[in-house]
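Report on one structure; see the data block that follows.
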Amino acid sequence: MEGSKSSNRLPNEKVLIAAAKVNPARFAPLYEFYYKPIFIFIFKKVRDEFTAEDIASKVFLKALLNIKKYQDRGWPFSSWLYRIASNEVNMHYRNSKKMTTVEIMETDVITLMDEIKEGNEVNRQELVIKCLAELPLPVSQLIELRFFDRMSFREIGEVLGVTEGNAKIRVYRALDKLKKVVGGHAT
């Protein structure tokens, strides 16, 4: 995927992380480099600029407070930030008892429907979207990352802190669950 998150690493990232572990004031270059992509990731989930800014500030505060605990396990530093962001978005929706809203483009729904072999009639599109909302949040988020955020399996793995293969398995299990829910709504 062109311009993937994982290939867009900060030069000397490991050195900057080590410096931030010793002196939290040295966290600034990491914040400056990763703020925009993390903000965009959050904004796509909450669709409100103020809320996205608030959640992004929580993400970077948690990252700053926990930088000493961060361990490089072969994943980009950004994957740790995306995991924190995903958890914060989930917490936002749990605490506010709001429904997650995702802007869905028709082409993305058609791609998803092709994947689960549902055709592409308009009434079936609405059904698939309705069924997606019925899935547990972690399951629907896997589908959103793959089909609406258009992340590769490698990028999803980085966000979740799992291997590319494990991310692929999780996405296909999520798709199987979606197929079952859609099948349960047979018209």
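Since every read-out is calculated from the coordinates, none of them should be taken as a lab result. On a predicted model such as this, the values are computed, not experimentally measured, just so you know. When we count neighbours, we look across all protein chains shown, and the Cβ atoms used for this are built from the backbone with ideal geometry, even at glycine.
Some notes on this structure:
- Each peptide among 48-55, 70-77 gets the average number of other Cβ atoms lying within 10 Å of its residues, and from highest to lowest they stand as 48-55, 70-77.
- When His92, His185 are sorted by how many other C-beta atoms sit within 10 angstrom of their C-beta, beginning with the fewest, the order is His185, His92.
- One chain, two ends: Ala133 and Asp54. Fully extended at 0.36 nm per residue, the span grows by 26.0 nm beyond their Cα-Cα distance.
- For the stretch 1-88, the gyration tensor built on C-alpha atoms gives an oblate shape. Its axis ratio a/c (a ≥ b ≥ c) is at least 1.5, and a/b is not larger than b/c.
- Shape analysis of the stretch 135-187 places it in the prolate category; the axes a ≥ b ≥ c from the Cα gyration tensor give an a/c of at least 1.5, with a/b above b/c.
- Among the listed pairs Lys36/Lys68; Lys58/Lys130; Lys36/Lys62, those whose Cα-Cα separation exceeds 28 Å are Lys58/Lys130.
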